[in-house]
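First the structure, in the form of structure tokens, and then the observations on it.
The values are calculated or read from the model by the stated rules, or taken from the named source; none is laboratory data. If you're wondering where the values come from, they're calculated on a predicted model, not measured in any experiment. Using ideal geometry, Cβ is built from the backbone for each residue, glycine included, and neighbour counts are taken over all protein chains shown. The protein model used for the area step is the full one, side chains on, heavy atoms only, and it has no ligands, DNA or RNA in it. Shrake-Rupley method; radii C 1.70, N 1.55, O 1.52, S 1.80 Å.
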Amino acid sequence: MKEQREGFRSFMAAALDEARAASARGEVPVGAVVVRAGEVVARAGNRTRELADPTAHAEMLAIREACRLAGSERLGGHDLYVTLEPCPMCAAAISAARVARLYYGAADPKSGGVAVGARVFSHPQCHHVPEVYDGIGAGEAEALLKDFFATRR
């Protein structure tokens, strides 16, 4: 996607912490954090099983909380860090929320919605396209996912 900006400070470690917490709860280990002006404003891990809610992906939960705190459905100037390439549902929410920059770790060749699959941001119907930076913390994110699924097979 794009090259990282000069002076870049990653918040992927916080997203990975959320992914590990999700795994400990028996959820698929995906974590997300929303950042504004160098501060984490919202964080979440997957909770689809716990909440019996197929939309309770880490990105969706973090975006909802950040919007609540901002008092707006728009998150201009906010960045989203997520450990796995967002699915089409989450990519659409990222666009609708007008997230400025998306940073993600592992690619998701099966269910991704950014670089593979639906490629939500490339459609003319997409109202907002964030800057996208991929592969950040990919090795650790992939290892968490592989370990999680290996114990369930």
| task | Using θ = phi - 60° and the Karplus relation 6.51 cos²θ - 1.76 cosθ + 1.60, list the HN-Hα couplings for the range 104-110 in order, rounded to whole Hz, with x at every Gly or Pro. | result | 9, x, 6, 6, 10, x, 8
| query | With axes computed from alpha carbons, what is the tilt in degrees of helix 138-150 against the longest principal axis of the chain, rounded to the nearest 10 within 0 to 90? | reply | 40 degrees
| task | Apply the Karplus parameterisation 6.51 cos²θ - 1.76 cosθ + 1.60, with θ equal to phi minus 60°, to every residue of the range 46-53 and state each ³J(HN,Hα) to the nearest whole Hz, in sequence, with x for glycine and proline. | result | 3, 9, 4, 6, 4, 8, 6, 9
| Considering the chain as a Gaussian network with a 10 Å cut-off on Cα pairs, which listed residue, R36, R20, R101, attains the greatest mean-square fluctuation? | R36
| query | Given the options Y81, Y103, Y133, which has the most mean-square fluctuation in a GNM of the chain, springs set between C-alpha atoms less than 10 angstrom apart? | reply | Y133
| query | Once label points are set 7 Å from the Cα along Cα→Cβ at both S111 and H127, what is their separation, rounded to one decimal in nm? | reply | 2.6 nm
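I need the shape label for the range 70-153. Rule: rounded when a/c is under 1.5, else prolate if a/b > b/c, else oblate, with a, b, c from the alpha carbon gyration tensor.
Taking the square roots of the gyration eigenvalues as a ≥ b ≥ c, the range 70-153 is prolate.
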| request: Could you grab the relative contact order for the chain? Cα pairs under 8 Å, six or more apart, rounded to a whole percent. | output: 21 percent
| With labels modelled as points extended 7 Å from the Cα through the Cβ direction, what inter-label distance (nm, one decimal) is found for D53 paired with E73? | 1.7 nm
| For A150 and A21 in the same chain, what is the full-extension length gain: residue separation times 0.36 nm, less their Cα-Cα distance, in nm? | 44.7 nm
| request: Please work out the average accessible area per residue across the chain, using the 1.4 Å probe convention, and give it in Å². | output: 50 Å²
| message | Tell me the carbon and sulfur percent of the accessible area for the chain, rounded to whole percent, probe radius 1.4 Å. | response | 51 percent
